[in-house]
Every structure is written in C-alpha cells, then in structure tokens.
C-alpha cells in the first residue's frame, strides 16, 4: 500500500503538479480544503473507490442515518480528468483513507 503525498496550491505563478500512479491499494491523508485530481491516460474507463476505514454512518437532518461505509466511487473515462472535492464528501473519509480499484489511474492530492 503506497502513501500518496499532497501538493500545496499556495505557490506563486505557474507550477508543476506531479501525479502518482495508483496501485491495487494506496492511502492518502485527508484534510479540509482539499481536492483529489484523477487523470486516466488509458484507453478505457477506470473507477476508483475512495474510502475511510472509520466511516460508517452519518446522521442527516430530516432523513436519519445514511451509510458512508462504501466510500465514494469516481468513474474516470479514458483520456479524461475528474476532481473530487473532499469537503463535499467529508463524512466518507474518516480514519485511514484508501483508494482501491483503479490500478494505473493517475492521482494528485491538492491542498487549497
């Protein structure tokens, strides 16, 4: 399981973003104001599952308990980019966050 480091967006001017290539199971450290950028440079679609091992349920007003245990699936078609806003799915990323299911997908964790 490889740990993917994050990149600060608080840099001056234009700067490079290095992507990590996902293996069978990788981990990231999640914090507020963060984005996960995926790039699929293969010919076919890849689906990554981003899941925190401490995520189980979230109480939602007017709805009740909602399961967060399955994580967030991100489908990235071949040749495309997708960005996941961590703040909007924070309940899914409690504990150690792993990314599985998308061997060969490129990933960059961006700190705003």
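A search for C-beta distances below 9 Å between a residue of the stretch 24-50 that is free of Cβ contacts under 8 Å to residues at least 40 places away in the same chain and any residue that is part of a strand (DSSP E or B) and surrounded by 14 or more Cβ atoms within 10 Å (Cβ to Cβ), counting only pairs 6+ apart in sequence or on different chains, returns 45/76.
Give, as residue ranges, the strands (runs of 3 or more DSSP E) completely inside the stretch 59-108 that count at least 3 residues that are in contact with a strand residue (DSSP E or B) (Cβ under 8 Å, 6 or more places away or on another chain) and closer than 17 Å to residue 23 by Cα. By residue number, 72-76, 97-100.
At pLDDT 95 or above and part of a loop (DSSP other than H, G, I, E, B): does that describe residue 54? No, not satisfied. Residue 9 passes every criterion in (1) surrounded by 14 or more Cβ atoms within 10 Å (Cβ to Cβ); (2) in contact with a strand residue (DSSP E or B) (Cβ under 6 Å, 6 or more places away or on another chain); (3) in contact (Cβ under 8 Å) with a residue 24 or more places away in the chain apart from (1). When residues in the stretch 13-22 are screened for being surrounded by fewer than 14 Cβ atoms within 10 Å (Cβ to Cβ) and either free of Cβ contacts under 8 Å to residues at least 40 places away in the same chain or within 16 Å of residue 101 (Cα to Cα) (or both), 4 of them pass. Taking the criterion of being touching a helix residue (DSSP H, G or I) at 6+ places or on another chain (Cβ under 9 Å), closer than 15 Å to residue 101 by Cα and surrounded by 12 or more Cβ atoms within 10 Å (Cβ to Cβ), the residues of the stretch 41-72 that qualify are 50, 51, 52, 71, 72.
Here are some residues: 71, 62, 52. Which one is under 13 Å from the mean Cα position of the chain (by Cα) and at positive phi? When all the criteria are applied, what remains is 71. Restricting attention to the stretch 28-43, the residues being assigned to a loop (DSSP other than H, G, I, E, B) and modelled with pLDDT under 95 number 7.
The values are calculated or read from the model by the stated rules, or taken from the named source; none is laboratory data. As the structure is a prediction and not an experimental result, all values here were calculated from the model. Here the Cβ is made from the backbone with ideal geometry for all residues, glycine too, and neighbour counts use every protein chain on show.
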